[in-house]
Amino acid sequence: MTEKNSAPDRGSDTETKLSLHLVGKLLFASTAAVIALGVFQEVYTRHFGEETLLRGMPQIALDGEHNVGAWYTSCLMVAAAFVLFLTGRAESDKGGLRKSLPWYALAVIFVGMSIDESASFHEILGQPLRDKLGTGGFLYYAWVIPGAIFALSVAIAFIPFLLSLPRPVAVRFVAAGAIFVGGAVGLELFEGYLADRGEEGSPLYMAFVIIEEGMEMTGIALFLATAIGHLGNIHPKWRLGN
């Protein structure tokens, strides 16, 4: 009497896969939602004022710190740092420290950026630097000086790393960095100019703020989506641990 074949045990080798395309869509959809909330808050308070039942909704405003926008940007940075760390681990399995070090370095940078986004260290630098350097106009927010120097230094230091990547990945990383820095530093120059003229909080100033924050979130979301896709391409079956 022959035995019936037992059903194969699929538990050990079953994999749950999340479409990388879907991940990218979710990232950009959530980014658009946070920006839309900020736009709604600004339009609402401009039309109805802050003395309403909703009290101005500063929690969803894009201006200032300690709100949903700052939290979301910080979360994106932490997620990017985690993916970069995983990529470093994956690359170390193939090429050792030489291939993994740039990924680890980027992970550390993103952790630092996340801390700054939450704790606003760059804002603390503004007044002392402005007083010491006597800046005004476009440099009214004087923290943009060390910020621009840091961004340029990182860009130059990572040129060899970018050249070693597949071209589509490198192009997306550069685009993401340009969008982020263009918002965080570039538009901050115009906001500083308006603030120096006493127009902080004006409709034009707030328009710059919304575009700036939107560019920062979009840049990080693009970087994160690209990093996830790259990790999936180079190590589709790589896992953390044994």
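FYI, it's all coordinate maths here, none of it is from the lab. Here the structure is a predicted model, which is why all the values come from computation and not from measurement. Note that we place each Cβ from the backbone using ideal geometry, even for glycine, and neighbour counts take in every protein chain shown.
Taken over region 159-187, residues that are outside any helix (DSSP H, G or I) and surrounded by 13 or more Cβ atoms within 10 Å (Cβ to Cβ) amount to 1. Put simply, of S118, S100 the only residue that is hydroxyl-bearing (S, T, Y) and free of Cβ contacts under 8 Å to residues at least 24 places away in the same chain is S100. In a residue-by-residue description of region 99-110, the property of being closer than 23 Å to S153 by Cα, part of a helix (DSSP H, G or I) and among the hydroxyl-bearing types (S, T, Y) applies to at least one position.
A quick yes/no check of all residues on (1) under 14 Å from the mean Cα position of the chain (by Cα); (2) assigned to a helix (DSSP H, G or I); (3) among the β-branched types (V, I, T); (4) closer than 18 Å to M215 by Cα:
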position	(1), (2), (3), (4)
L37	no, yes, no, yes
F40	no, yes, no, yes
H66	no, no, no, no
A81	yes, yes, no, no
S92	no, yes, no, no
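Comparison of A105, A90 shows that the only residue that is in contact with a His (Cβ under 7 Å, 6 or more places away or on another chain) and of a type outside the set (S, T, N, Q) is A90. The residues in region 181-237 that are farther than 20 Å from A151 by Cβ and not small (G, A, S) can be counted, and the count is 18.
Quick check, is F190 in contact (Cβ under 8 Å) with a residue 24 or more places away in the chain, out of contact with any strand residue (DSSP E or B) (no Cβ under 8 Å at 6 or more places or on another chain), buried (at least 19 other Cβ atoms within 10 Å of the Cβ) and not aliphatic (A, V, I, L, M)? The answer is no for F190. Within region 62-80, identify whether any single residue is of a type outside the set (K, R), within 20 Å of S164 (Cα to Cα) and surrounded by 18 or more Cβ atoms within 10 Å (Cβ to Cβ), and answer yes or no. Yes, the conditions are met somewhere in region 62-80.
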